[in-house]
Amino acid sequence: AAISEKRQKKCLFFILLAAGFKMTAQVNDSIVYAFSYFKNNGEDGLHLAYSYDGYTWTALKNDQTFLRPVLSKDSLMRDPCIIRGADNQFHMVWTVSWNDRGVGYASSPDLIHWSKQQYLPVMAHEDSARNCWAPEITYDAKKKEYMIYWATTIPGRFAAGDTAGDAKYNHRIYYV
């Protein structure tokens, strides 16, 4: 059966992305962008989309999840951040809960098949930490190190710096 040119580009983009190209790829003189996202509260998991212009996005896999969350009491997968690591694997971190003191982690060779999800207790040493939100992961090729950073509120720790008007959340950036 014949495959439409748009479908061919979509398939080629996914193959290029899985083969190791950064989150943008050149396809038939068009730049193709990839975007990871969550829907609603994040309970259904990882979603991926592509765009040729950065404005109009098309969900992959009919907007169905690529990975369902299984960590924490809330079982959320919010704020997914995916990078291609030095080991040629995709590495993802995400927010697992509204109130847990850790983040989620999984890896994949192709964005389809994922490792077992791991809970990283990055703020477990801070008994009063309220949360770990919106983690990001980066890789420093020069130092050959990964870094994960996120936002956490520790009540009373930075009272003078609260400008958000919401004493409940007074986030600061932390990293490991």
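The values are calculated or read from the model by the stated rules, or taken from the named source; none is laboratory data. Predicted model, so just to flag it, every value in this text is computed and none were measured. For neighbour counting, all protein chains shown are included, and Cβ atoms are generated from backbone atoms with ideal geometry for every residue, glycine included. Surface areas here come from the heavy atoms of the whole protein model, side chains and all, with no ligands, DNA or RNA. Shrake-Rupley method; radii C 1.70, N 1.55, O 1.52, S 1.80 Å.
Would you point out the residue of the stretch 60-69, among those that are under 18 Å from the mean Cα position of the chain (by Cα) and open to solvent by 40 Å² or more (accessible area, probe 1.4 Å), that is nearest to Pro80 (Cα to Cα)?
Taking the stretch 60-69 as the starting set, the residues that turn out to be under 18 Å from the mean Cα position of the chain (by Cα) are 60-61, 63-69.
Filter once more, so that each one left must be open to solvent by 40 Å² or more (accessible area, probe 1.4 Å): 61, 63-64, 68.
Numbers: Lys61: 17, Asp63: 15, Gln64: 15, Arg68: 12 Å.
It comes out as Arg68.
Which one of the conditions (1) on the phi < 0 side of the Ramachandran plot; (2) touching a residue at least 12 places away in the same chain (Cβ under 8 Å); (3) small (Gly, Ala, Ser) does Ala134 fail to meet, given that it meets all the rest?
Every condition holds for Ala134 apart from (1).
Per-residue answers, yes or no, for (1) in contact with an Asp or Glu (Cβ under 6 Å, 6 or more places away or on another chain); (2) without any contact (Cβ under 8 Å) to a residue 12 or more places away in the chain; (3) more than 16 Å from Tyr37 (Cβ to Cβ):
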{"position": "Ala86", "(1), (2), (3)": "no, no, yes"}
{"position": "Met92", "(1), (2), (3)": "no, no, no"}
{"position": "Asn99", "(1), (2), (3)": "no, no, yes"}
{"position": "His113", "(1), (2), (3)": "no, yes, yes"}
{"position": "Ala141", "(1), (2), (3)": "no, no, yes"}
{"position": "Met147", "(1), (2), (3)": "no, no, yes"}
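Trp57: out of contact with any strand residue (DSSP E or B) (no Cβ under 6 Å at 6 or more places or on another chain), surrounded by fewer than 19 Cβ atoms within 10 Å (Cβ to Cβ) and aromatic (Phe, Trp, Tyr), yes or no?
no
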